[in-house]
Every structure is written in structure tokens, then in C-alpha cells.
Amino acid sequence: LDPVLAIIGRPNVGKSTLVNRILGRREAVVEDTPGVTRDRVMYSAHWNGRNFTVVDTGGWEHDARGIHARVAEQAEMAVELADAVLFVVDSAVGATATDEGVMKMLRKSKKPVIMVANKVDDFAQEADSATLWGLGFGEPYPVSALHGRGVADLLDHVMDTL
Ligand code: GDP
Ligand code: MG
């Protein structure tokens, strides 16, 4: 069985764009409207001659009752079946209060978590990702899923982790 990499993060941070970048093809649905990917979707991926499975997920958001239970549950199930997790945030926004519960769940899971600061489209935005060191998941990886910047370095690190 191939090792499993789960991609989690709030809606609109660029998870599906990153999945497509990892796959090298446009298969995951990318939308300008938050909340398009509702369920877990699995894809076969390859890097440096190794196969792995990528799981795209919907993100969680606050609704009137707190974090939308169904999507938080999807994230938790994805983490459970994962060998490693990419926790994606928008570099300009960072981790938000909405991410707190999920970060707690990630720490409890004891799974290897790689912090990804997405939408670092150019060098000037790289400094934004440094603040993510404080979250306790180790070195943040600045990437641009849209343009591919930093994704090769990220995947090298993922393969060391899986
Ligand atoms: P998801 O909800 O987390 O799966 O996010 P999507 O992959 O659907 O992307 C949400 C929006 O962010 C889309 O308009 C993407 O084009 C945009 N986006 C994704 N990655 C990047 C990036 O690296 N840079 C920029 N500037 N926009 C991005
Ligand atoms: Mg998506």
C-alpha cells in the first residue's frame, strides 16, 4: 500500500491547487468560491520514483455553532488515515482562530505535520511564513501552488517524511 499524504487547511488557502501541482495535472477542483471540496478525494501521485496517495479535503469554517462539524470531521478522518499531513495556510493570513481546534487535533494525532505557507508567489512574501515557526510544527515551507514556486523542495521533504 502506498503511503498517504493528507492535505488539510481552511477553505480557499489553495489545497486543491497544491494537489494539482503535486499531481502535475489538473484533477482536483479549484474554485474561487470557498468550500467547494466537501469530501475527501484521493489521487495517485509520484515524486522521485516513489508512489504515494494524496488526499484532498474540504476546509473547515466557523458557522453559527462553531467549526462546521462535517468538514472538521473530514479533516480528522483524513489525518487518521494519513502517514503525513500538509497543514496549509494562506501566507498572508497565517493560522487563524478557526485553525486552533484542528491544530490541537493535529498535535494529538502525533502524525508528522508539515506546515505549508501557500500563496508565496514571490520572494517578497517569504517573510510572512516565518511567523509560522511559532506554531510548533517545525519549519514552514513557503510555496506558490499556483506558480509552482517551492513545491519541489516541499515534495523532497515530504518524501523524507513519508
Ligand atoms: P482550497 O479551497 O483550499 O482547495 O483552495 P483552491 O485550491 O480552490 O484555491 C482557492 C483560490 O486561491 C483560487 O482562486 C486559487 O487560484 C487561489 N490560489 C491557490 N494557490 C495560490 C497561490 O499559490 N497563489 C495565489 N496568488 N493564489 C492561489
Ligand atoms: Mg479544494
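Quick note: the coordinates plus some simple rules give every number you see, no bench work behind them. This is a predicted model, so every value here is computed, not measured. Ideal geometry is used to build each Cβ from the backbone, glycine not excepted, and the neighbour counts take in all protein chains shown.
How high is the FRET efficiency between residue 156 and residue 97 when r is their beta carbon distance and R₀ equals 41 Å, given to the nearest 0.05?
With R0 = 41 Å, the Cβ-Cβ based efficiency is 0.80.
Please identify, among 26, 50, 149, the residue showing maximal mean-square fluctuation in a Gaussian network model of the chain using a 10 angstrom Cα cutoff.
Among 26, 50, 149, the largest mean-square fluctuation in the Gaussian network model of the chain belongs to 50.
Take the Cα gyration tensor of the chain, multiply each eigenvalue by 5, square-root it, and list the three semi-axes largest first, rounded to whole angstrom. Walk me through the numbers on the way to the answer.
Numbers: eigenvalues 84, 68, 51 Å².
Gyration-tensor ellipsoid for the chain: 20, 18, 16 Å.
Pick from 117, 97, 130: which is most flexible by mean-square fluctuation in a GNM of the chain where alpha carbon atoms under 10 Å apart are linked?
Most flexible of the set in this elastic network: 97.
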